[in-house]
Amino acid sequence: DTEVTQTPKHLVMGMTNKKSLKCEQHMGHRAMYWYKQKAKKPPELMFVYSYEKLSINESVPSRFSPECPNSSLLNLHLHALQPEDSALYLCASSRTVNTEAFFGQGTRLTVV
Amino acid sequence: GDSVTQMEGPVTLSEEAFLTINCTYTATGYPSLFWYVQYPGEGLQLLLKATKADDKGSNKGFEATYRKETTSFHLEKGSVQVSDSAVYFCALSSNSGYSTLTFGKGTMLLVSP
């Protein structure tokens, strides 16, 4: 089983809304990631959690707030987003940081 | 720093044609190399990997060989299908220190019947 599950698949939110993206894996992986992908571009790394601790924050604006409640779950809390934040948000996991990553199907976010 | 360079697309082929997508990399040490595929509207799927020089990764008819002397990891398939139409990303992970994936820009493949 190499499945990473993301919910919701699609999300439309206003600039004053608060919403959360969720990611779950049951492969026993200890590294989890959030990526942002704009159209026709490769994924851009946002955050890395290793053993449930935030290890990398790629200078992401504070309107994005990650959370790792346990080793299987990863959340991304969204608040006061801008239209330019509209993108595909991908969650990924790997056994450890330096091993191959498995991606979820993504959440297509539209900020209006 | 680490970097990955892929051929620009789109690559347009007829069904059953031979596919090559070039990928070269710059990295310190001995990185692991990957090909990911992204079908329209979906996330990335790991297609194949190689972790050391001369390793050949293969999956679903696709192959790539880790060539350290030319710092390359070209993707090949002998006979493409319409269902192979997607964006292909070459990526590396340096195995030293605290490393995450470095992606190429992606190559779109369009296969017509």
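The values are calculated or read from the model by the stated rules, or taken from the named source; none is laboratory data. Quantities reported herein were computed from a predicted structural model and do not represent experimental measurements. Using ideal geometry, Cβ is built from the backbone for each residue, glycine included, and neighbour counts are taken over all protein chains shown.
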Inset, instruction - Output the strands (runs of 3 or more DSSP E) that fall wholly within the range B:23-113 and possess 3 or more residues being away from chain A (no Cβ under 11 Å) and of a type in the set (Ser, Thr, Tyr), or say none. - result: B:23-26
Legend entry - Boolean, B:Leu101 is closer than 15 Å to B:Tyr25 by Cβ, at pLDDT below 95 and of a type in the set (A, V, I, L, M, F, W, C): yes
Inset, instruction - Looking for whichever is more than 28 Å from A:Thr107 (Cβ to Cβ) and of a type outside the set (A, V, I, L, M, F, W, C) here; the options are B:Glu42, B:Glu15. Which one fits? - result: B:Glu15
Legend entry - the range A:69-87 - residue that is more than 18 Å from A:Glu3 (Cα to Cα) and surrounded by 14 or more Cβ atoms within 10 Å (Cβ to Cβ) and, of those, farthest from the other protein chains (Cβ to nearest Cβ): A:Ala80
Legend entry - Selection count, the range A:1-21, where residues are in a strand (DSSP E or B) and either out of contact with any Leu (no Cβ under 9 Å at 6 or more places or on another chain) or within 12 Å of chain B (Cβ to nearest Cβ) (or both): 4
Legend entry - Yes/no for B:Lys49 being free of Cβ contacts under 8 Å to residues at least 60 places away in the same chain, of a type outside the set (Gly, Ala, Ser) and buried (at least 17 other Cβ atoms within 10 Å of the Cβ): yes
Inset, instruction - Identify the residue in the range A:42-68 that is closer than 26 Å to A:Gly14 by Cβ and among the polar types (S, T, N, Q) and, among all such residues, is nearest to the other protein chains (Cβ to nearest Cβ). - result: A:Asn57
Inset, instruction - Pull up the range A:1-28, narrow it to residues that are of a type in the set (S, T, N, Q) and modelled with pLDDT of 95 or more, then point me to the one that is farthest from B:Glu42 (Cα to Cα). - result: A:Ser20
Inset, instruction - Taking the residues in the range A:22-41 that are away from chain B (no Cβ under 13 Å) and under 13 Å from the mean Cα position of the chain (by Cα) as candidates, determine which candidate is surrounded by the most Cβ atoms within 10 Å (Cβ to Cβ). - result: A:Glu24
